[in-house]
Every structure is written in C-alpha cells, then in structure tokens.
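Participant: One structure is given below, represented as structure tokens, and several questions about it will come after.
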Amino acid sequence: MKNTIQQFLREEDGVAAIEYGLLAGLIAVGIIVASAALGADISNLFNNIGNKLTGIAIPA
C-alpha cells in the first residue's frame, strides 16, 4: 500500500495536464478581458467617425 501511494505521488502526467488546463484558462480569461476593454473603445471610435460623417453629401 505504501509503494502504491509513493508511486501515485511521483506520477507527474496528471500534474502537467492540470498545469496546461490552468494556463489555457488564464489565457482565455485574458482574451475575454482584452476584447471587452477594446470592444467599447472601438465602438466609440466608429460612433465618433459616423457622427462626423453625418451630413456629408454622397456624390451621385
């Protein structure tokens, strides 16, 4: 029984998988936060451009 527990504690395959999972999760959170922050800025930019273009006549 003691050997089985020691072998289980030395096993590193599961640890690597957990680390990769945590890393992927942190990257996903970073992408979500960045896109939320940039999304509002880009939306404001296009709204400002649209407001400045209002009233300009399009040549026929």
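The values are calculated or read from the model by the stated rules, or taken from the named source; none is laboratory data. Just so you know, these numbers come straight off a predicted model, no measurement behind them. With ideal geometry, Cβ positions are generated from the backbone for all residues, glycine too; neighbour counts draw on all protein chains shown.
Participant: List the number of the failed condition for ASN3; all other conditions in (1) at pLDDT below 90; (2) under 21 Å from the mean Cα position of the chain (by Cα) hold.
Facilitator: It is condition (2) that ASN3 fails.
Participant: Which is in a helix (DSSP H, G or I), exposed (fewer than 10 other Cβ atoms within 10 Å of the Cβ) and of a type outside the set (Ser, Thr, Tyr), of ILE32, ILE5?
Facilitator: So the residue among ILE32, ILE5 that is in a helix (DSSP H, G or I), exposed (fewer than 10 other Cβ atoms within 10 Å of the Cβ) and of a type outside the set (Ser, Thr, Tyr) is ILE5.
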